[in-house]
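**Student:** Encoded as structure tokens, here's the structure I'll be asking about.
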Amino acid sequence: ELRDLQIELVKLQRDVQLKGRRVAIIFEGRDAAGKGGCIRRFIEHLNPRTARVVALPKPTETERGQWYFQRYSAALPNEGEICFFDRSWYNRAVVEPVMSFCNQEQYAQFMRQVPEFEHMLYEDGIELIKFWYSISKREQESRFRARKINPLKQWKISPVDEEAQERWDVYTKYKERMFSRTHTTFSPWIIVKANSKKRARLESIRYVLSRLQYAGKDQPVINISPDPSVIRRFHRSVVQIDR
């Protein structure tokens, strides 16, 4: 099933290359939600020359003095390219205020500016998809435990992980505010129920294939319609989905 979906992704990438399109896909969610693993399934068989993962480190001293969106703007896709953002400018909507990495004035300014920023991307022809990977508190705790005992995954452990469970409700408050204020017709939030890593990965790929146009889409080798019980656009009844 995954292999057939990846064949369709190769078709999509070829179309993006030939037509000089620019595609940006954002992967957001709580810690241990499975964002990185999902991205790896997307890019596994894509041409690395025109498929790029963006996972920016902490901002430097110079970057902290710049317009907040500046370093993300520099990472946006070039013609013929698909970029996968493993976290994005939305750090300032949730993680940063929760962990006190920004002040309330910086947060408020970001929340005012981000719809305008994304509208500029839309008007400039960038095709933007925003995923939020939703897991339960119990599932997150289970994944944290697995990281600690698996020597191949211990590199994923960060100080932020230690706070994630304790600050769960605060995180939820900022997450829901982010949805309500940054979900737009031109840049909607797509929520993925991610307690099952396998289903989340498959349905995310299906969503991208169903959302974006490409040559050969009318003759897919597999069903590309996402399961609505796993993946859906944000709307008011989806709030607190991962409580």
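**Student:** Looking for something out of contact with any Phe, Trp or Tyr (no Cβ under 9 Å at 6 or more places or on another chain) and within 23 Å of R3 (Cβ to Cβ) - is there at least one such residue anywhere in region 173-189?
**Tutor:** no
**Student:** Now, a different point. So how many residues does region 192-211 have that are without any contact (Cβ under 8 Å) to a residue 60 or more places away in the chain and surrounded by fewer than 21 Cβ atoms within 10 Å (Cβ to Cβ)?
**Tutor:** So the answer is 5.
**Student:** Still on this structure, I have one more. Output the residues belonging to region 149-173 that are assigned to a loop (DSSP other than H, G, I, E, B) and in contact (Cβ under 8 Å) with a residue 40 or more places away in the chain. Steps first, answer last, please.
**Tutor:** Restricting attention to region 149-173, the residues satisfying the condition of being assigned to a loop (DSSP other than H, G, I, E, B) are 150-153, 157-158, 165-167.
Residues satisfying the conditions are S158, R167.
**Student:** To continue, here is another question. Name, by its number, the condition in (1) under 28 Å from E118 (Cα atoms); (2) surrounded by 15 or more Cβ atoms within 10 Å (Cβ to Cβ) that does not hold for E163.
**Tutor:** Looking at each condition in turn, E163 falls short on (1).
**Student:** Select, from R112, R41, the only residue that is surrounded by 14 or more Cβ atoms within 10 Å (Cβ to Cβ), at pLDDT 95 or above and not in a loop (DSSP other than H, G, I, E, B).
**Tutor:** R41
**Student:** Can you confirm whether I7 is in contact (Cβ under 8 Å) with a residue 40 or more places away in the chain, under 17 Å from R206 (Cα atoms) and within 19 Å of the chain's Cα centre (by Cα)?
**Tutor:** Answer is no for this residue.
**Student:** Would region 70-92 turn up any residue that is in contact with a Cys (Cβ under 8 Å, 6 or more places away or on another chain), buried (at least 18 other Cβ atoms within 10 Å of the Cβ) and part of a helix (DSSP H, G or I)?
**Tutor:** Checked against the condition, which is being in contact with a Cys (Cβ under 8 Å, 6 or more places away or on another chain), buried (at least 18 other Cβ atoms within 10 Å of the Cβ) and part of a helix (DSSP H, G or I), region 70-92 yields at least one hit.
The values are calculated or read from the model by the stated rules, or taken from the named source; none is laboratory data. Source: prediction; values computed, not measured. All Cβ positions, even for glycine, are placed from backbone atoms using ideal geometry, and neighbour counts span all protein chains on display.
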